[in-house]
Amino acid sequence: MTTIWTQAERVTPGGVHSFSRRIDPLLSVTRTEGARMYEADGRSWSDYHAAFGALVLGHRHPDVDAAVVKALGRLDLTGVGVTDLEVEAASRIVEHVPAAEQVLFCNSGSEATYSAIRLARAVTGRRTLVKFQGCYHGWHDAVALNVITAKERMGAPDPLSAGSSPGELGDTVVCRFNDLDSVREAFAAHDVAAVIVEPIPHNVGALMPQPGFLAGLREITQKAGAVLIFDEVITGFRHGLGGYQGVAGVTPDLTTLGKAMANGYPAAAVAGSAALLGEYGTAGGPVYWAGTYNAHPAAVAATTATIDVLATPGVYDHIFELGERARTGLEEAARRHGFTAYASGYGSVFVLYFTSRFPVDYEDLLENDAAAFVGLHRGLVERGHYLYPSNLKRNHVSSAHTAADIDRLLEDADHVLAELAAQR
């Protein structure tokens with residue numbers, strides 16, 4: 001343990017400011033650049049964690065950082081009025097995201113989903129929220145349940161935190177991803193205000209929506225007068241300028257954005273129709289919206305710059321090609337060493353599940369061989385590739401990665417899988 005950790009634990013509970021940052025090996029990151037992280041003791045890693053996917057362009061992208069420096073060279077936080085920077089960033093989102101007629105900025109994905117749910121309840125006059133097993137939408141009580149649920153807890157509320165409000169938990173119905181019948185049953189039994197869904201549940205790796213599932217959610221919610229919320233905090237801008245809704249051709253009522261939108265700067269947003277967003281207090285509506293740091297100049301400058309870089313021809317081609325290379329190579333290596341495994345993901349996201357069939361819902365993931373999954377990740381961390389060493393976590397390629405990086409990843413994965421096979 002480094003001196004930094006020793007000092008951190010004196011002044012911070014556990015030494016970290018988000019629970020997921022305390023995981024073996026305990027990192028003391030002192031420098032980042034491009035596709036790499038550098039540690040206090042001299043180690044470095046090719047970073048496929050990418051701050052849970054926020055770093056779509058890699059660390060310290062020169063265009064993004066230059067835009068932030070330029071913005072801060074002429075203004076900082078005012079707390080009143082509007083700046084040209086936030087208008088420019090919002091205009092980029094409206095230009096590219098199908099659901100976005102208007103945009104409101106906040107600071108985190110949790111803030112965005114909280115506000116979107118509140119808006120849906122206000123405009124419908126209903127309370128019940130439908131979410132899906134395996135999806136994560138932030139830390140607030142309405143959605144902080146039933147993410148990575150143990151087998152014995154399936155079918156019951158599984159809160160992520162002690163101290164959660166029983167009333168909030170009771171207003172949330174958990175359905176099965178890719179199972180429209182379970183959604184119809186929820187609507188038959190409850191007066192539903194909103195359905196919130198990750199178009200691809202990336203918080204358990206990458207469960208891909210089956211044909212017709214997202215369109216089915218659109219049909220069910222429209223028929224019932226409920227609000228459909230796509231949580232694209234992960235998928236938005238990582239999977240395309242229009243988010244995954246642009247890929248799927250399904251337009252929700254509300255969209256939450258964050259992470260890759262600003263290449264890791266603390267920016268998030270709620271986007272939707274002008275009619276819906278007009279219900280927020282910023283336009284004189286009854287739904288409260290506030291935040292001292294909303295649309296901070298650094299965050300919105302980073303948002304505009306990130307979207308402009310992503311709009312450059314070839315950027316998505318590059319990261320998608322590397323993502324496919326990683327998926328194909330990992331699956332081939334696993335099977336070469338006798339593992340039954342399936343690679344999943346989309347575009348620049350890849351994950352290798354150790355299961356007997358390609359998973360389409362969370363229940364399929366209950367049979368994932370966690371020991372093999374974590375063993376592969378830990379072995380790769382030891383060899384200089386940072387894949388988050390926890391069960392069911394996804395990995396991300398950034399535009400700073402190269403084909404040579406992926407080749408080294410696959411070569412080392414082959415060695416780790418051989419060692420795991422020998423141990424079995």
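The values are calculated or read from the model by the stated rules, or taken from the named source; none is laboratory data. Computed from a prediction, not measured in an experiment: that's the story for all the values here. Positions of Cβ are backbone-derived with ideal geometry, glycine not excepted, and every protein chain shown enters the neighbour counts. Calculation scope for accessible area: heavy atoms of the full protein, side chains included, ligands and nucleic acids excluded. Shrake-Rupley method; radii C 1.70, N 1.55, O 1.52, S 1.80 Å.
Considering all C-alpha pairs of segment 330-417, those separated by over 23 Å amount to 16%.
Taking every lysine pair in the chain that is 8 or more places apart or spans two chains, those with Cα atoms closer than 25 Å amount to 7.
Dipole magnitude for segment 1-119: computed about the Cα centre from +1 point charges on Lys and Arg Cβ and -1 point charges on Asp and Glu Cβ, it is near 340 debye. Per residue, the average separation of C-alpha pairs within less than 8 Å and at least 6 apart gives segment 100-203 a relative contact order of 36 percent. Near the amide H of Gly205, within less than 5 Å, lie the amide hydrogens of Arg394, all on another chain or at least 5 residues away, with H placed in the peptide plane.
All distinct Cα pairs of segment 1-55 go into the 1/r average, and the inverse of that average, the Kirkwood radius, is 12.0 Å. Working note: Karplus 6.51/-1.76/1.60 with θ = phi - 60° gives segment 409-424 the couplings 4, 5, 4, 6, 4, 4, 5, 5, 5, 5, 5, 5, 5, 5, 5, 6 Hz, where Gly and Pro are set to x.
Computed about the Cα centre, the dipole magnitude for segment 371-414 is approximately 260 debye when only Lys and Arg (+1) and Asp and Glu (-1) carry charge, each at its Cβ.
Computed from label points 7 Å out along Cα-Cβ, the spacing between Lys70 and Ala215 is 4.2 nm.
Applied to segment 64-70, the Karplus parametrisation 6.51 cos²θ - 1.76 cosθ + 1.60 on θ = phi - 60° returns per-residue 3J(HN,Hα) values of 5, 5, 5, 5, 5, 4, 4 Hz, with x for Gly and Pro.
Across the chain, the mean sequence separation of Cα contacts (distance under 8 Å, 6 or more residues apart), normalised by length, yields a relative contact order of 21 percent.
Can you tally the net charge around Val233? Count Lys and Arg as +1, Asp and Glu as -1, for every other residue whose Cβ sits under 11 Å from the Cβ of Val233. Local charge sum for Val233: -2. Take each peptide in 393-402, 274-283, count the other Cβ atoms within 10 Å of every residue, and average; sorted highest first, the result is 393-402, 274-283. Projecting the Cα atoms of Gln210, Val183, His17 onto the charge dipole of the chain, computed from C-beta unit charges around the Cα centre, puts His17 farthest toward the positive end. For the chain, the antiparallel share of DSSP beta bridges with both residues in that region comes to about 55%. Count the net charge of all other residues whose Cβ sits under 11 Å from the Cβ of His296, scoring Lys and Arg as +1 and Asp and Glu as -1. With Lys, Arg at +1 and Asp, Glu at -1, the net is -2. Of the peptides 126-133, 385-392, the ranking by mean beta-carbon count within 10 Å, highest at the top, reads 126-133, 385-392. Amide H to amide H distances under 5 Å link Arg36 with Asp47, His59, where only residues 5 or more positions off or on other chains count and H is placed in the peptide plane.
Helical runs (DSSP H, four residues minimum) scored at -39500 (n - 2.57) apiece and divided by the length of the chain put the mean residue ellipticity at 222 nm at -11500 deg cm²/dmol. In terms of its Cα atoms, the chain spans 63, 55, 48 Å along the principal axes, sorted from long to short.
On segment 225-313, 56 percent of the accessible area sits on carbon and sulfur atoms, based on a 1.4 Å probe. In segment 174-299, inverting the average of 1/r over every pair of distinct C-alpha atoms gives 15.7 Å as the Kirkwood radius. For segment 234-392, the per residue solvent-accessible surface stands at 33 Å², with DNA, RNA and ligands left out and a 1.4 Å probe.
Annotation: peptides 305-318, 242-255, ranked by per-residue average of other Cβ atoms within 10 Å with the highest first, follow the order 242-255, 305-318. Over all Cα atoms in segment 284-393, the spread is summed up by Rg and Dmax: 19.4, 62 Å. In segment 1-88, Cα pairs under 8 Å separated by at least six residues give a relative contact order of 16 percent. Simple point charges give the picture: +1 on the Cβ of Lys and Arg, -1 on the Cβ of Asp and Glu, and for the chain a dipole about the Cα centre of about 400 debye.
Working from label points 7 Å from Cα in the Cα-to-Cβ sense, the Glu185 to Arg153 distance is 2.1 nm.
Would you mind getting me the FRET efficiency between Thr340 and Leu366? Use the beta-carbon distance for r and R0 = 22 Å, nearest 0.05. It comes out at approximately 0.90.
Comparing Cα centroids, segment 203-270 and segment 285-315 end up 17 angstrom apart.
What the phi angles of segment 176-183 give under the Karplus curve with 6.51, -1.76 and 1.60, with θ = phi - 60°, is a coupling list of 8, 5, 6, 10, 5, 4, 5, 6 Hz, glycine and proline written as x. A simple count of charges around Asp191, restricted to other residues whose Cβ falls under 12 Å of its Cβ and scoring Lys, Arg +1 and Asp, Glu -1, yields +2. Its Cα gyration tensor gives segment 105-172 an equivalent ellipsoid; the semi-axes, largest first and in whole Å, are 21, 14, 10.
Backbone amide hydrogens, once placed in the peptide plane, bring His385 within less than 5 Å of Ser46, excluding anything fewer than 5 places away on its chain.
Dipole orientation for segment 249-377: of the candidates Thr256, Thr355, Ala267, Ala267 has the Cα lying most toward the positive pole (charges on Cβ; Lys, Arg +1; Asp, Glu -1).
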